[in-house]
Structures are given as C-alpha cells and as structure tokens.
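Here's the structure we're looking at; comments come further down.
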Amino acid sequence: MLRRSGLLALLLLVSAGLAAPGSAQTESPAAGTPAPAKPAAAKPPAKPPAKRAAKAKAAAAPAPAVPAVPLTPEEVSRQAYKAKLSETLARLQATVRKQQGDLATEQGKLKELYSEMMEAVSKSEGDSASAGAASASAGGPGGPNAKKELSPAVKASVSYEAQTYKVQVARQALLSSEKEALRLQGFLARVSQ
C-alpha cells in the first residue's frame, strides 16, 4: 500500500511538473540519490516563437463557416424594404438637423428685430413728446388724404411680425419632420423584429 501511494504521489508531482518523468519509473534502492539527468542532445530542439504563434493561431482559428442558406424572395424583398426605410430615415434625420439650424437662425433674427423694435419705440416716444405740439396743426402737409410715412417703430413692428411668422413656420416644419422621423423609427423597429 505504501508503495502504491508513493507512486501516486510521484505521478502527481510529474503531472504538476515538479519531478522529472525519468524518476517516475520505479523506486530505486537509493531513494535519496537523484536520477541521472538526460543528456542535452536527447531533448528535442525548442520551436521558434514564430512557429509557436502560427500554430496557436491555427488552433484558435474558428471552424470554417457553414455556407449561408440562400434567402427566399420574400426575405430578399423584406431586406430591400428595410434598407429603403433606413435610407429614408437617414435622409429625414439630416433634414431635421438642417431644420433645427434654420429655426435657430430665424429665432436669432427674431431677437435682433425685437431689440430694434424696442429701440425704435423708445425713440418714437421721446420724439413724439417734443413734436406733439408742432403736429397738432390740421392734417399736416398735403392735407388729410396725404399718404403718411410709417414711423421707424411701425416699420420695426411690421418686420418683427413677419419674422415671428417665419419662426412659427420653421418650428412647425421641424415638429412635423421630427414626428415623421419618430414614426419611421418605430416602423423600422417593428419590421426588423
């Protein structure tokens, strides 16, 4: 029994790489003396690292892929439709980005016109106080039917109103495009399932 357990222990040591395989044959009468080492010429030459790496890559390479099953005409049609939807969605998203830029530009113009209108109103209020007594004459030059020239405040107000309309149109176009893009994204997600 003792001999068997010694053999098992030696086998474990050999497999763990802690003992030389040459000493695993049988117990020698001189157990304390080490076994003679193998001559250097008996060892196989070490493989170059490049060959080891190539062999490792070959072992790690995946198995050849199974040839793809040809698609049915319905599947081909479905994939073509999905590709068309994807292209339409990409084009629509580009339009949304452009419309966002246009809306930002229109809003910037609206802010500028608002500040110009406020300046014109404050100027006209200052001018009207000093010119109030002078224009109290009956109808001014040209009589009561003469074409009146618009004041800067009125001109700024008209420009501001026109710009407000442009901003509303740009905002509505953007919201419509965003809604369409979301609808198309949802539809594409359902088709892809």
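The values are calculated or read from the model by the stated rules, or taken from the named source; none is laboratory data. Keep in mind it's a predicted model, so treat the numbers as computed, not measured. With ideal geometry, Cβ positions are generated from the backbone for all residues, glycine too; neighbour counts draw on all protein chains shown.
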| message | Just to verify a result, which residue in region 67-109, among those that are touching a residue at least 60 places away in the same chain (Cβ under 8 Å) and of a type in the set (V, I, T), is surrounded by the fewest Cβ atoms within 10 Å (Cβ to Cβ)? | response | T88
| request: Go through L188, L184, L174 for me and flag whichever is farther than 30 Å from K123 by Cβ, modelled with pLDDT of 95 or more and touching a helix residue (DSSP H, G or I) at 6+ places or on another chain (Cβ under 6 Å). | output: L174
| task | Output the number of residues of region 83-127 satisfying the condition of being in contact with a helix residue (DSSP H, G or I) (Cβ under 6 Å, 6 or more places away or on another chain), of a type in the set (A, V, I, L, M, F, W, C) and over 30 Å from G186 (Cα atoms). | result | 5
| query | Looking at S130, S157, S137, S124, which one is over 27 Å from A181 (Cβ atoms), modelled with pLDDT under 85 and surrounded by 13 or more Cβ atoms within 10 Å (Cβ to Cβ)? | reply | S124
| said: Where the second residue is part of a helix (DSSP H, G or I) and of a type in the set (F, W, Y) and the first is under 29 Å from M118 (Cα atoms) and in contact (Cβ under 8 Å) with a residue 40 or more places away in the chain and lies in region 160-188, which pairs have Cβ atoms under 7 Å and are six or more apart or on separate chains? | reply: Y160/Y114
